[in-house]
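Working notes, beginning with the structure itself.
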Amino acid sequence: MNELEERLQEDLAAAADAADLDAPALADVMRTVHRAERHRRLRYKVAVAAVAVPLVAVAVSQLVGITVDDPTPTADTTITTPDPTTTSSSTTTTSDPTTTTTTGSTGSGSGSAGTGPTGAGTSPVVPSASGLVLAPDGLGDVRFGDPEGEVIATLSQRFGQPVDDTIYPYTGCRPDEKCPPECNSNTIIRRVTWRGLATWYSGSSGDFAFVAWSATAESGLATGEGLRLGDSLDRVREVYGDRVTVKWFEYAPGAGMNYVTIRLPEGRMAGYATKDALSSLTSGQSCERGD
Amino acid sequence: MTTMAEDDVQGGHPATFEELFEHERQPMVRLAYLITSSGEAAEELVHDAFVEVYQRWDRLERPGAYLRTCVVNRAVRQKRRDRGRVVDLRAADSSVEHGYDHTFAALAGLAPRARAMVVLRYYAAMSQAEIAQTLRVPIGTVKSGLHNALVELKKVLS
């Protein structure tokens, strides 16, 4: 070893000795480990839920005859929402910090759900709940684009406390579907459900607007033309004439359901009919497909 | 300096993470400091390295060696991020108070990976093969890197 190498050995050791160095504490390291582990588990739960919920919903629908998915997506079909009664229990499994789930809350109707992005804190002017009808552009007195607080307050007047209120990030479209261009990684989705009615609110900056609904007969709602969920297909044709199309969708050999589309000047509603009765309707535009 | 990380290279294995932590936390901070010149950065990156080792503990055959690799590579990356700052080696003379200050200042003029090689060779007393393993580079790269670094340091320190 030459002189330079000896000098390096001595001086590096001296420099390290002379430095006033703090070593990390084991407690700090373990805190970071546990925090990372929590995040890892949450990411796993979210990923599992994203895969499992639609699968469970489809499976349940096939068992009990409740429709959950659009079998024939078209270019202008940007929402396919699930029956809220088939998914509410599954969606409460995640506790992702970006996903907030409350059950039986939002009593004030202000649109607040946990710590997630919500509407303004001021008391909304609540439209009348008596004018609620199933419509292509909303639910009668509440229309798509209305602030979440107003819509939730109105619906709570009619249906009482929501049975589920969940905020979750947009997780991307399926490879085989068309997605609206406004759906991106900044999109946050809120789903509020009552018995027989699911509603979706969306936005990127916390100003959520009403964007979609899905209803079953349990909601007791009817269309503006007087059609009720649970009515027969003949009744659907009687009310809407040539504005309704019915296509048979066979999801398993010998098992299937009718896919119903009602086209109105304001837009369209789509739904399913099992056993010759209209069992669900949905309308609106949502980034998420039912999870 | 004998650390558990070196024992690892020779086939040793600490019984628990806590044991590794207790033996290695000071030596690893010193090692990181000599590469980064920053005590704060050294503490932070050693903290992160221990987190990584903990998360992989069950899969590591030689956790001490893995820890050292994590620390050195994180320190090299840290140093590369700081490379915008130009160090005038000869200007360091003005603030010299101790003999090692001059050497430490000269070290700061080396490229991050070359600096790590010098620190591992002359502070951690590692062989060229061990340095190559730690930095995940061919041994020839270590030989040439050390040679060039010594030439550079000799010019500055003479």
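Any read-out appearing in this document is the output of simple, stated calculations on the displayed coordinates, not a laboratory observation. Here the structure is a predicted model, which means the values were calculated and not measured. Cβ coordinates were reconstructed from backbone atoms using ideal geometry, including for glycine residues, and neighbour counts include every protein chain displayed.
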*When Cβ neighbours within 10 Å are restricted to other protein chains, what is their mean count per residue of peptide B:38-51?*
4
*Taking every residue in B:120-127, how many Cβ atoms of other protein chains lie within 10 Å of its Cβ, on average?*
3
*Under-5 Å amide H pairs with residue A:264, H placed in peptide plane, nonlocal only*: A:269
*Arranged by the count of other C-beta atoms within 10 angstrom, fewest first, what order do B:122, B:100 take?*
B:100, B:122
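Take peptide B:24-34, look around each residue's Cβ out to 10 angstrom, count Cβ atoms belonging to other protein chains, and average those counts.
Partner-chain Cβ atoms within 10 Å, mean over residues of B:24-34: 4.
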*Non-local amide H neighbours of residue A:249 (under 5 Å, H modeled in plane, Pro and chain starts lacking H): which ones?*
A:257, A:258, A:259
*Per-residue ³J(HN,Hα) for segment A:135-143, Karplus 6.51 cos²θ - 1.76 cosθ + 1.60, θ = phi - 60°, Hz, x for Gly and Pro*: 9, x, 10, x, 10, x, 5, 9, 10
*When a footprinting reagent is the concern and you count Cβ atoms within 10 Å, what order do B:151, B:119 take, fewest first?*
B:151, B:119
